[in-house]
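Derivation of every value follows stated rules applied to the coordinates shown; laboratory data play no part. Keep in mind that what you see is a predicted model, and the values were worked out from it rather than measured. Quick reminder, even Gly has a Cβ in these numbers, built from the backbone with ideal geometry, and neighbours come from all protein chains shown.
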């Protein structure tokens, strides 16, 4: 495979790539500094149609640096979505929320394993709630915490209505870390149950035995 310099404006970004990953600031600023200092170590992977498979953040950084062209390598793939999914999954480039974002945009662009997991959760809680989890910056770990909370208060996970109520409560009050500690320290389950049922925020004091 040959590396060639290509005008950045000719590259097509994958529509399902989470746009927040390429926003200015934070880690993108660090990437800019790295590229400015040592250059672009890895070329951008694209399809023959010039759709980006791997390298959206590098492109954004190079654009910030004023680059007009960028090294690319054309990869022959049967499915651009599958290639995107495999590259980003194997290199651990996507966070849980990023992966959920991609799934909601295009299920074919996540790995089959991730697709099955997302589909399974969607069947239980519905797409609307799944989108709310995503839009608030959370991942499927929120569903896992909600399930543990349901068991902790004695409701179990078969009550889908209470499970969805718990997830919505966690999203609203951003209580994931707090509830983990609440359960670890075995605080009163009835307090947690009332907070969820009344849709009220919770402030707890951890007690140790």
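In table form, for the structure just shown:
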item: Rg/Rh (Cα only; Kirkwood hydrodynamic radius) as it applies to the range 3-76; result: 0.94
item: The range 105-158 - Rg (one decimal) and Dmax (whole number), Cα, Å; result: 12.2, 38
item: Ellipticity estimate at 222 nm from DSSP helix runs (n ≥ 4, -39,500 (n - 2.57)) divided over the chain, nearest 500; result: -15500 deg cm²/dmol
item: Helix 27-38 axis, angle to the chain major axis (alpha carbon atoms, nearest 10°); result: 30
item: Beta bridges by DSSP in the range 3-76, antiparallel share as percent, to the nearest 5; result: 65
item: Translational diffusion of the range 72-167, µm² s⁻¹ [Kirkwood Rh, Cα pairs; Stokes-Einstein; 37 °C; 0.692 mPa s]; result: 227
item: Fraction of beta bridges assigned by DSSP in the chain that are antiparallel (%, nearest 5); result: 65
item: log₁₀ of I(q)/I(0) at q = 0.15, 0.21, 0.24, 0.30 Å⁻¹ - the range 33-87, Debye sum with one point per alpha carbon; result: -0.43, -0.76, -0.92, -1.21
item: Largest-first principal axis extents, alpha carbons of the range 118-197, Å; result: 33, 25, 18
item: Cα centroid separation - the range 125-141 against the range 58-75, whole Å; result: 32
item: Helix 96-105 vs. the chain, principal-axis angle (Cα, 0 to 90°, nearest 10); result: 70
item: Length-normalised contact order of the range 3-76 in % [C-alpha pairs under 8 Å, at least 6 apart]; result: 48
item: Cα-based Rg of the chain normalised by 2.2 N^0.38 Å, two decimals; result: 1.28
item: R0 of 41 Å, Cβ-Cβ distance residue 200-residue 68: FRET efficiency to nearest 0.05; result: 0.15
item: Ascending count of other beta-carbon atoms within 10 Å, so fewest first, for 177, 56; result: 177, 56
item: Gain in span if fully extended, residue 173 to residue 12, counting 0.36 nm per residue against the direct Cα distance; result: 54.2 nm
